[in-house]
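Chemist: Okay, here's the structure, questions in a sec.
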Amino acid sequence: MLVVSDEVRTAVADLRPVVALESTIIAHGLPRPRNLRVAQELEAVVREEGAVPATIAVLDGVPHVGLDKDQLERVANEDGIRKLGHRDLPLAVATGASGATTVSATALLAARAGVRVFATGGLGGVHRQWTQTQDESADLGLLARTRITVVCAGVKSILDVAATLERLETLGVAVAGFGTDRFPGFYLADSGHPVEWTLRTPAEAAEVMRAQDALGGPDAALIVANPVPQEQQLDPVLHARVLDEALRECEERGITGQAITPFLLEQLVRRTGGASLEANLAAVRGNARLAGRIAAAWAGR
Ligand code: PSU
Ligand code: MN
């Protein structure tokens, strides 16, 4: 039911560092052909930190943890690759579908394969029109039930960040800033909201993971919120303006459901002349690196 690559399986068995990587950002979050290069680069960054990358996707109904070169290419370039949240996994398996996994599906499959650390860009969360649409990413609920450490640059700035932070509190998901007491804003180093906890080193993050296991309780995640470096962030004024425009366009065109996130991300790339893409990539790269370091500290347990 779950194919774990030889490299990942051996590393997990030997307690060596492994970092899970999601594939929705590759298939639906980034434009071609850059997406494949980014997928390869993220794996390389994880390796530079001495960890084994485990990119996760479903191909022809088979969930894979750890992709080879051709499989990664399929995710990046194949038409008709679906976007799979965790609820979609049994449907994709039973029907033989292929799809990229979101944070929720990636976290579930990673945890099943024994991978404890996961790097992504921005988490899904509560959308701005929530009172009308009830659109809240399944990422949040799944992270409340899965013992995994997610390194991210906050939640996507297209969301209602304050509401998302409240939901994470309600759901009992631990959130800590890495080297900051501000919750990062994905394209921006600071979302405008504080975090109550700050971790300063990968070893400290691994210490929290140990404490989670020792204390027991619900199998919730640890979110390590790692800001994009200040000098690589998107200009905050430009960000505010284009986000407003993109949200308005989304509403005018009646885009809903799973399509909202890819649509808005693409609009931002277009309306910033590619600058949002660079900030996005800087954030994801930094997260892959930090995840590699946390995985290394965790492996030394
Ligand atoms: N962040 C990005 N690009 C993305 C996503 C996040 O920079 O494509 C994806 C993640 O896979 C996340 C998903 O899990 O969007 C959330 O989508 P939704 O809001 O439909 O749950
Ligand atoms: Mn949604």
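Chemist: If each DSSP helix of 4+ residues adds -39,500 (n - 2.57) and the sum is divided by the residues in the chain, what number results at 222 nm, nearest 500 deg cm²/dmol?
Modeler: Calculated at 222 nm, the ellipticity per residue is -14000 deg cm²/dmol.
Chemist: Most mobile of G216, G286, G154 per a Gaussian network model of the chain (Cα springs, under 10 Å)?
Modeler: G216
Chemist: What is the calculated FRET efficiency for D79 to R253, with r their C-beta to C-beta distance and R₀ = 25 Å, to the nearest 0.05? Mind showing how you got there, number by number?
Modeler: Working: r = 22 Å, r/R0 = 0.87.
After rounding to 0.05, the efficiency reads 0.70.
Chemist: What nm distance separates the two modelled labels at E48 and E169, each placed 7 Å from Cα along Cα→Cβ?
Modeler: 3.7 nm
Chemist: What area, in nm² and to one decimal, does the C-alpha convex hull of segment 1-60 cast on average over all directions?
Modeler: Averaged projected hull area, Cα only: 4.6 nm².
Chemist: Could you give the radius of gyration (one decimal) and Dmax (whole number) of the Cα atoms in segment 1-115, in Å?
Modeler: 12.9, 38
Chemist: Can you pull the Kirkwood radius for the chain, inverse mean 1/r over Cα pairs, to one decimal in Å?
Modeler: When all Cα pairs of the chain are included, the Kirkwood radius is 18.8 Å.
Chemist: DSSP loop (so not H, G, I, E, B), at most 13 other Cβ within 10 Å: list which trypsin sites (Lys or Arg not before Pro) in segment 200-273 pass both filters.
Modeler: R200, R253
Chemist: Net charge near G286, counting Lys/Arg +1 and Asp/Glu -1 over other residues with Cβ under 13 Å of its Cβ?
Modeler: Taking every Cβ under 13 Å from that of G286, the sum is -2.
Chemist: Shifting gears a bit: Please report the relative contact order for segment 120-301, taking Cα pairs under 8 Å with a sequence separation of at least 6, and give it as a percent rounded to a whole number.
Modeler: Averaging sequence separation for qualifying contacts and normalising by length gives 26 percent for segment 120-301.
Chemist: Let me know the shape class of segment 216-270, please: from the alpha-carbon gyration tensor, a ≥ b ≥ c as square roots of the eigenvalues, rounded when a/c is under 1.5, otherwise prolate if a/b is greater than b/c, or oblate.
Modeler: oblate
Chemist: Now, a different point. Among DSSP bridges having both ends in segment 120-301, what percentage is antiparallel? Round to the nearest 5.
Modeler: The antiparallel proportion sits near 35 percent.
Chemist: Counting Lys +1, Arg +1, Asp -1, Glu -1, what net charge surrounds D139 among other residues with beta carbon under 11 Å of its beta carbon? Numbers along the way, then the final one.
Modeler: Details: positive: K156, R167; negative: E22, E136.
Its environment carries a net charge of 0.
Chemist: Can you grab the distance from the C-alpha centre of segment 81-121 to the C-alpha centre of segment 138-216, Å, no decimals?
Modeler: Here the answer is 20 Å between Cα centres.
Chemist: Just report the Cα centroid separation between segment 12-54 and segment 232-301, whole Å.
Modeler: 17 Å
Chemist: Turning to a different aspect of this structure: Only Cα pairs within less than 10 Å get springs; with that Gaussian network setup on the chain, which residue of L142, L15, L109 has the largest fluctuation?
Modeler: L15
Chemist: Now for a separate question. Add +1 for every Lys or Arg and -1 for every Asp or Glu among the other residues with Cβ under 10 Å from the Cβ of T106, and state the total.
Modeler: Here the charged neighbours net out to -2.
Chemist: Kindly list the residues of segment 268-298 that lie in the label zone of Q232, defined by a backbone N under 12 Å from the point 7 Å along the Cα-to-C-beta vector.
Modeler: 278-290
Chemist: While we're on this one: Could you compute the longest span of the chain free of GluC sites (Glu not before Pro) located in DSSP loops and having at most 16 other Cβ atoms within 10 Å, not counting the site residues? Please list the in-between numbers first.
Modeler: Working: sites that count: E78, E196.
Counting only loop sites that pass the neighbour cut-off, the longest clear stretch is 79-195.
The numbers here are math on the coordinates, done by the rules we state, and not lab data. Being a predicted model, the structure only gives us computed values, none of them experimental. So basically every Cβ, Gly included, is an ideal-geometry build from the backbone, and we count neighbours across all protein chains shown.
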